[in-house]
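The values are calculated or read from the model by the stated rules, or taken from the named source; none is laboratory data. A quick note: this is a predicted structure, and the numbers were derived from the prediction, not measured. Please note: Cβ atoms are built from the backbone with ideal geometry, for glycine as well, and neighbour counts cover all protein chains shown.
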Amino acid sequence: MKDCIFCKILQKQIPSKIIYEDDLVVAFEDVNPQAPIHTLVIPKKHIPTIAECHEEDYSLIGHIHKVINEIAKQKGLTERGYRIVNNCNAEAGQTVFHIHFHLLGGRLMHWPPG
Ligand code: AMP
């Protein structure tokens, strides 16, 4: 997608700190971290929101969660705990319209979220 910042990141058109990549997904560090560990995992396929997934996309969403768990393990979060966040559309605070899952960890998380 031409004007999508995350498409530009995965195409290496703009710099980012990529920590994992495979045929389906890219993971990179959030530029404005909200926790000591704040990684974003995105599909290479441009899907604007989680609400716009089609049937064939749900295995990709599952794969993203597998990658998140592997990154969390590498970062020593498995036992401590971590939070996975997907914001969908305006009221949830979505600002980039290319599906992304936030992996947040390294500090105590509060509930309910803001
Ligand atoms: P959301 O509000 O759920 O749409 O989250 C978008 C996230 O993307 C925010 O946490 C931003 O800090 C992050 N972000 C925006 N631009 C970049 C970028 N160029 N590199 C890394 N993270 C970014």
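Here is how the numbers come out for the structure above:
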quantity: Complete set of residues in the stretch 35-49 that are under 17 Å from Ile19 (Cβ atoms) and not charged (D, E, K, R); calculated: Ala35, Pro36, Ile37, His38, Thr39, Leu40, Val41, Ile42, Pro43
quantity: Given (1) away from the ligand (no atom under 15 Å from the Cβ); (2) surrounded by fewer than 15 Cβ atoms within 10 Å (Cβ to Cβ), index of the condition Tyr82 fails; calculated: (2)
quantity: Residue in the stretch 86-114 that is surrounded by the most Cβ atoms within 10 Å (Cβ to Cβ), counting only those that are in contact (Cβ under 8 Å) with a residue 24 or more places away in the chain and outside any loop (DSSP other than H, G, I, E, B); calculated: Leu103
quantity: Yes/no for Ile50 being surrounded by 15 or more Cβ atoms within 10 Å (Cβ to Cβ), without any contact (Cβ under 8 Å) to a residue 24 or more places away in the chain and of a type outside the set (Asp, Glu); calculated: no
quantity: Extreme residue, farthest from the chain's Cα centre (by Cα), among residues of the stretch 70-81 that are outside any loop (DSSP other than H, G, I, E, B) and under 22 Å from Ile9 (Cβ atoms); calculated: Gln74
quantity: The listed residue being within 18 Å of Val67 (Cα to Cα) and surrounded by fewer than 11 Cβ atoms within 10 Å (Cβ to Cβ), out of Asp30, Asp23; calculated: Asp23
quantity: Any pair with Cβ under 8 angstrom, 6 or more apart, that starts in the stretch 1-27 at a residue that is under 12 Å from His46 (Cα atoms) and ends at one that is assigned to a loop (DSSP other than H, G, I, E, B) and modelled with pLDDT under 95; calculated: Cys7/Met1
